[in-house]
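Taking it in order: structure first as structure tokens, then the write-up.
Bear in mind that the values in this text are calculations on the coordinates, not laboratory data. For clarity, every value in this text was computed on a predicted model and none was experimentally measured. Positions of Cβ are generated from backbone atoms using ideal geometry, with glycine treated the same way; all protein chains shown enter the neighbour counts.
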Amino acid sequence: MTRSATAPTAPVDLPGWAVVRGARRRHIERVTALLDAWAVEAQLPADEASAWHDAGRWHDALRDAPLEAMRAVGEPLGLPPQAWHGAAAAERLEEEGETRTHVLEAIRWHTVGSADWAPVGRALYCADFLEPGRGDPDGVRAALVARFAREPDAVFDAVLARRVAHARHAGLPLHPRTAALVDSR
């Protein structure tokens with residue numbers, strides 16, 4: 001395992017409106033630490049590394065909020081209820097003055113994907129799926145984590161393929177944005 005796979009976690013600063021329980025907070029910390037490690041390994045400029053960090057710390061800020069509190073944002077976008085939290089968090093951040101569209105779009109679509117993403121969106125999508133707190137009995141996740149900074153497109157494609165295969169195996173329909181993302185690759 002590389003430094004990325006074992007990145008130490010530290011508390012993250014969440015907005016005052018965040019609704020997260022302990023397990024979700026730990027997930028956010030692991031995702032953010034992974035994004036930070038990848039940013040260092042890829043030698044990203046400070047502004048892009050900051051965007052990756054912020055996308056990680058904000059992506060699930062409303063994950064444990066009541067669905068009714070997020071319905072008005074997620075439902076009009078055609079998102080399934082389990083994906084409303086990203087859209088709701090992006091809207092809340094925008095209301096508070098966040099102007100980095102690529103960060104907002106990364107957060108808004110992090111559960112379903114987007115063909116229009118900047119690198120921060122693809123990195124968040126991968127980190128959310130690959131974060132070290134998830135099971136990895138065959139070591140595939142750790143191997144992808146170790147490759148991301150050097151081969152972000154290849155790892156993104158592998159993560160997308162695994163997510164789509166999981167959805168199809170579970171008999172779930174692909175969200176139109178996911179289908180468009182698959183078609184764009």
request  = Compute the semi-axes of the equivalent ellipsoid of the range 22-184, taking the square root of 5 times each eigenvalue of the Cα gyration tensor, and list them largest first in whole Å.
outcome  = 22, 20, 15
inquiry  = I'm a student and want to see the number: the projected area of the Cα convex hull of the range 67-155, averaged over all directions, in nm².
reply    = 6.8 nm²
Overall dimensions of the range 1-88 as given by Cα atoms, namely Rg and Dmax in Å = 14.4, 42
query = For the range 136-185, what's the radius of gyration and Dmax over Cα atoms, in angstrom?
reply = 12.2, 33
request  = Add +1 for every Lys or Arg and -1 for every Asp or Glu among the other residues with Cβ under 14 Å from the Cβ of S50, and state the total.
outcome  = -4
message = Among V140, W52, L67, which residue has its Cα furthest toward the positive end of the charge dipole of the range 20-152, with +1 on Lys/Arg Cβ and -1 on Asp/Glu Cβ?
response = V140
ask   = Which listed residue (T99, A118, V19) has the Cα farthest towards the positive end of the charge dipole for the range 1-130, taking +1 on Lys and Arg C-beta and -1 on Asp and Glu C-beta about the Cα centre?
value = V19
request  = At 0.36 nm per residue, minus the direct Cα-Cα distance, what do A165 and A69 gain on full extension? Give it in nm, one decimal, please.
outcome  = 31.5 nm
query = Which FRET efficiency value, to the nearest 0.05, do you get for D13 and D138 by plugging their Cβ-Cβ distance into 1/(1 + (r/R0)^6) with R0 = 35 Å?
reply = 0.50
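Under unit Cβ charges (Lys, Arg +1; Asp, Glu -1), what dipole magnitude, rounded to 20 debye, does the range 22-184 have relative to its Cα centre?
Charge dipole, the range 22-184, about its Cα centre: 580 debye, nearest 20.
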remark   = Most exposed to least, judged by fewest other Cβ atoms within 10 Å, I28, I107 sort to I28, I107
